[in-house]
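Beneath this line is the structure, given in structure tokens, with notes to follow.
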Amino acid sequence: FVIIARRKISTMASALFLMFLVGCIHALPQPDFGNSSPSSSYGAPPASNSYGPSQPSYNSGGGGMPYDFSYGVNDAYSSSNYGQSEKSDGKNVQGYYTVDLPDGRKQTVKYTADHDRGFIAEVSYEGEAQYAPAAPAVTFFKGSGGGYGAGGGAGSSSGGYSPGAGGASSGGYSPGGGW
């Protein structure tokens, strides 16, 4: 008797759940397909922007919002030194930026920009370019053990590079003389 009662309850619960599910689906809004056939082409977009307020044009002549900002970085640890300053009245922008270059000069760019003339920049440099001395060249020679080693040098008997005539005595490079 208990087994039959459980089976009837589970069958009844399944039927109630199925009826609930069908009711929920039936309560959903139904699409209106109508009698129109699908179109093979899309029409032109609407003449006005019906999705919200119209957006201003960049060439509307209304101008932008005035602003003024500047920043500067001078970090001795990384040798970084640069900055910028810019201001606008809403129609014209003017400013400059500076940067210390690796060769020791300071580059300054002064600029203006507006809708009539565009972006105009004037670049200037302060100081004299300084270059580090060239590092000595690393040379390789074929040592007596058949391998290659570093060293040698001018006039060395171990086969290094020699810029003078005949400076290498044991197989080193000599200008005009080959190996």
Item to check | Residue within the stretch 153-165 that is at pLDDT 65 or above and open to solvent by 80 Å² or more (accessible area, probe 1.4 Å) present | outcome: no
Item to check | the stretch 134-149 residues that are over 30 Å from residue 103 (Cα atoms), paired with ones that are at pLDDT 60 or above and of a type in the set (Lys, Arg) (beta carbon under 8 Å, 6 or more apart) | outcome: 148/142
Checklist entry - Yes or no: residue 100 over 24 Å from the mean Cα position of the chain (by Cα) and free of Cβ contacts under 8 Å to residues at least 40 places away in the same chain? => result no
Checklist outcome for this item: The strands (runs of 3 or more DSSP E) lying wholly within the stretch 68-133 that contain at least 2 residues that are charged (D, E, K, R) and on the phi < 0 side of the Ramachandran plot are 80-88, 106-114, 118-126
Checklist entry - Just checking, which of 37, 10, 78, 50 is modelled with pLDDT under 95 and under 30 Å from residue 126 (Cα atoms)? => result 78
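Kindly establish whether residue 98 is of a type in the set (Ser, Thr, Tyr), at pLDDT below 85 and open to solvent by less than 40 Å² (accessible area, probe 1.4 Å).
Working: of a type in the set (Ser, Thr, Tyr): yes; at pLDDT below 85: no; open to solvent by less than 40 Å² (accessible area, probe 1.4 Å): yes.
So residue 98 does not fit the description; no.
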Checklist outcome for this item: Picking from 55, 30, the residue that is loosely packed, with under 10 Cβ neighbours inside 10 Å, part of a loop (DSSP other than H, G, I, E, B) and either modelled with pLDDT of 65 or more or in contact with a Pro (Cβ under 6 Å, 6 or more places away or on another chain) (or both) would be 30
Checklist entry - Only one of these conditions is not met by residue 135: (1) of a type in the set (A, V, I, L, M); (2) at pLDDT below 90; (3) within 30 Å of residue 64 (Cβ to Cβ). Which number is it? => result (3)
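The values are calculated or read from the model by the stated rules, or taken from the named source; none is laboratory data. All figures in this text were calculated on a predicted structure; none of them were measured in a lab. Note that we place each Cβ from the backbone using ideal geometry, even for glycine, and neighbour counts take in every protein chain shown. Heads up: the accessible areas ignore ligands, DNA and RNA and are worked out on the full protein's heavy atoms, side chains in. Shrake-Rupley method; radii C 1.70, N 1.55, O 1.52, S 1.80 Å.
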